[in-house]
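Novice: Mind having a look at this structure? Questions to follow.
The values are calculated or read from the model by the stated rules, or taken from the named source; none is laboratory data. This structure is a prediction, so every number in the text was calculated from the model and none was measured. Cβ placement follows ideal geometry from the backbone for every residue including glycine, while neighbour counts extend to all protein chains displayed. For accessibility, only protein heavy atoms count, side chains too; no ligands or nucleic acids. Shrake-Rupley method; radii C 1.70, N 1.55, O 1.52, S 1.80 Å.
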Amino acid sequence: MTTALDPAAPLVFDTTELRGAGTMMHIAREIPAPEAYGLEAVFAVPKGAVLDLDITLTGVSEGVLAAGQVEAVAEGECARCLAPVQDALSVEVQELYAYEGSVTEATTEADEIMRLEGDLLDLEPAVRDALVLAMPVTPLCRPDCPGLCAECGVPWDELPDDHVHETVDPRWAGLEKLRLAGNDGESK
Ligand SMILES: [Zn+2]
Ligand SMILES: [Zn+2]
C-alpha cells in the first residue's frame, strides 16, 4: 500500500461519515470492472464488465468492516473444446480495513489486515480476490464435454458417432475411438 489511492476510482470509497463506531453505509450499485480479473483469454471477468455490488461498510472502533456480495459474469473458453464459456459468479466479501494509527494497524501486517488511507477504502483487492477464487481451475462448457478429436481437431460434438481416421487400422478403430473418448481429449 505505497501508492496513493485515487478518490475517483470506482472501487474507492470515502468513509469519513463512518468515523465513530456503529455507523453504516450501504453500497448497492453496478460499476464497470476497472481491469480484467482472472486470466484474460482463458477465463476472466473482462475489463468493463458489470460488477454488481451489494456491500455494507460498518464503522468499528479500529476501522471499517466491508461485508456483502458481488456478482459478475466471467467468460473464457472450454479447456477441452475451446467453445466460449460463461459463468455467473456470486461471491461473498468480508474484509476489515484498519485506520491509520490504530492498534490494529500497529499490531498486524498490511498483507493480513487491509488499511484505510485516511478515510479512503479500496475495495478492489477484496473484490478481485473473491472473484478470482470463485473461478473454476478448468473451465468447461459442460462437465462431460468430450473435447476435440486428437487427429483432426474437430469437436466430437460436431462429428458423427462413427468418425474415425484412415490412418488407424480399421480392426482397431473401435478401440481407438474408445481411447480418445476416454482421455478427455487432452492429446494435441
Ligand atoms: Zn467443451
Ligand atoms: Zn477426427
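Novice: Could you list, in sequence order, all residues of segment 85-113 that are part of a strand (DSSP E or B) and either over 16 Å from Ser61 (Cβ atoms) or of a type in the set (Lys, Arg) (or both)? Full working, then the answer.
Specialist: Restricting attention to segment 85-113, the residues satisfying the condition of being part of a strand (DSSP E or B) are 85-98.
Val85, Gln86, Asp87, Ala88, Leu89, Ser90, Val91, Glu92, Val93, Gln94, Glu95 - these are the residues of segment 85-113 that are part of a strand (DSSP E or B) and either over 16 Å from Ser61 (Cβ atoms) or of a type in the set (Lys, Arg) (or both).
Novice: If you take just the strands (runs of 3 or more DSSP E) that sit entirely in segment 37-84, which of them hold at least 3 residues that are surrounded by fewer than 18 Cβ atoms within 10 Å (Cβ to Cβ) and assigned by TED's automatic domain parsing to the domain that holds Thr16? Spell out the reasoning first.
Specialist: Numbers: elements: 37-39, 43-45, 50-60, 63-77.
Where strands (runs of 3 or more DSSP E) fall fully within segment 37-84 and carry at least 3 residues being surrounded by fewer than 18 Cβ atoms within 10 Å (Cβ to Cβ) and assigned by TED's automatic domain parsing to the domain that holds Thr16, they are 50-60, 63-77.
Novice: Here is a further query. Say whether the condition of being outside any helix (DSSP H, G or I) and free of Cβ contacts under 8 Å to residues at least 60 places away in the same chain is met by at least one residue in segment 119-133.
Specialist: The initial filter retains those residues of segment 119-133 that are outside any helix (DSSP H, G or I), namely 119-123.
The next check asks that each one be free of Cβ contacts under 8 Å to residues at least 60 places away in the same chain; those that pass are none.
Looking through segment 119-133, none of the residues is outside any helix (DSSP H, G or I) and free of Cβ contacts under 8 Å to residues at least 60 places away in the same chain.
Novice: Looking only at segment 94-120, filter to residues that are open to solvent by 90 Å² or more (accessible area, probe 1.4 Å) and of a type in the set (Val, Ile, Thr); which one of those is farthest from the chain's Cα centre (by Cα)? Write out each step before concluding.
Specialist: Residues of segment 94-120 that are open to solvent by 90 Å² or more (accessible area, probe 1.4 Å), as a first pass: 94, 100, 103, 107, 109, 111-112.
The next check asks that each one be of a type in the set (Val, Ile, Thr); those that pass are 103, 107.
Values: Val103: 33, Thr107: 31 Å.
So the residue we want is Val103.
Novice: Still on this structure, I have one more. Check segment 138-147 and report whether any residue there is open to solvent by 50 Å² or more (accessible area, probe 1.4 Å), within 16 Å of ligand 1 (Cβ to nearest atom) and among the hydroxyl-bearing types (Ser, Thr, Tyr).
Specialist: Within segment 138-147, one or more residues are open to solvent by 50 Å² or more (accessible area, probe 1.4 Å), within 16 Å of ligand 1 (Cβ to nearest atom) and among the hydroxyl-bearing types (Ser, Thr, Tyr).
Novice: I'd like to check something: does segment 171-182 contain any residue that is surrounded by 15 or more Cβ atoms within 10 Å (Cβ to Cβ), within 16 Å of ligand 1 (Cβ to nearest atom) and at pLDDT below 95?
Specialist: To start, the set of residues in segment 171-182 that are surrounded by 15 or more Cβ atoms within 10 Å (Cβ to Cβ) comprises 173, 176-177, 180.
Narrowing the set further to residues that are within 16 Å of ligand 1 (Cβ to nearest atom) leaves 180.
This time we only want the ones that are at pLDDT below 95, so: 180.
Checked against the condition, which is being surrounded by 15 or more Cβ atoms within 10 Å (Cβ to Cβ), within 16 Å of ligand 1 (Cβ to nearest atom) and at pLDDT below 95, segment 171-182 yields at least one hit.
Novice: If you don't mind, another one. For Val93, state whether it is β-branched (Val, Ile, Thr) and modelled with pLDDT of 95 or more. It would help to see each step written out before you state the result.
Specialist: Details: β-branched (Val, Ile, Thr): yes; modelled with pLDDT of 95 or more: yes.
The answer is yes for Val93.
Novice: Please state which of the following conditions Val137 fails to meet, knowing it meets all the rest: (1) of a type in the set (A, V, I, L, M, F, W, C); (2) more than 23 Å from Ala9 (Cβ to Cβ); (3) in a helix (DSSP H, G or I).
Specialist: So Val137 meets the others, but not (3).
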